[in-house]
Amino acid sequence: MSLISSYLLALFLTMVIELGVALFLGFRKKIEIIAIIFVNLLTNPILNYLLLVNNHFSFFKTNLLIILLLELLVVLAEWKLLLYIIQDKSSKIFKLSFVMNFCSYIVGVIIFR
C-alpha cells in the first residue's frame, strides 16, 4: 500500500470511527456531524504530517509518550474547535473529543501496527 493510500485509509477510518462514537453519544444534529467531519479533516492530516516529517528527519525519537502527547494535543484542539462550532456544554464536548480520539487511536494501533 502506498504512503498516500495509507494516510487516506487512516483518515477515512478515523472519520468513520469518530462519527460512530459521536452518534453513539447522541450527537446527531447536522451541524454536529459537519463539525466533526471538518475538525477531523483539519487535525488528522496535521498529526500524520508531523509524524511523517519526524520519521523522515528524526527530530525526536517517536515513542509511545510522544504519540500520546500528540494525541492529547489533538484531543484539546478538537475539543476547542468543536466547542466553538457546536456551542454545547464544555465537559460534554471534551468527553466527545476524548472518547472519539481514544477509540480511533486504539483501532489505528490494531490495524496499522
key: Whole-Hz couplings from phi, Karplus 6.51/-1.76/1.60, listed for segment 55-62; x for Gly and Pro   = 4, 6, 9, 6, 5, 8, 6, 7
inquiry  = Within segment 33-48, list the residues whose amide N lies under 17 Å from a label point set 7 Å along Cα→Cβ of Gln87.
reply    = 33-36
key: Residue-averaged [θ]222 nm for the chain, counting only DSSP H segments that reach four residues, each worth -39500 (n - 2.57)   = -30000 deg cm²/dmol
inquiry  = Quick one: 3J(HN,Hα) in Hz for segment 11-17, Karplus 6.51/-1.76/1.60 with θ = phi - 60°, rounded, Gly and Pro as x.
reply    = 5, 4, 4, 4, 5, 5, 5
inquiry  = What distance in nm lies between label points placed 7 Å from Cα along the C-beta direction at Leu13 and Tyr49?
reply    = 2.2
Efficiency of FRET between Leu70 and Lys30 - r from beta-carbon atoms, R0 41 angstrom, step 0.05 = 0.85
Cα radius of gyration and Dmax for segment 72-113 (Å) = 11.4, 36
Cα-based Rg of segment 3-105 normalised by 2.2 N^0.38 Å, two decimals = 1.09
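Read-outs: derived from the displayed coordinates by stated rules, not from any lab. Bear in mind the structure is a predicted one, so any value in this text is a computation, not a measurement. Methodologically, a virtual Cβ is constructed for each residue, glycine included, from the backbone with ideal geometry; neighbour enumeration extends over all protein chains shown.
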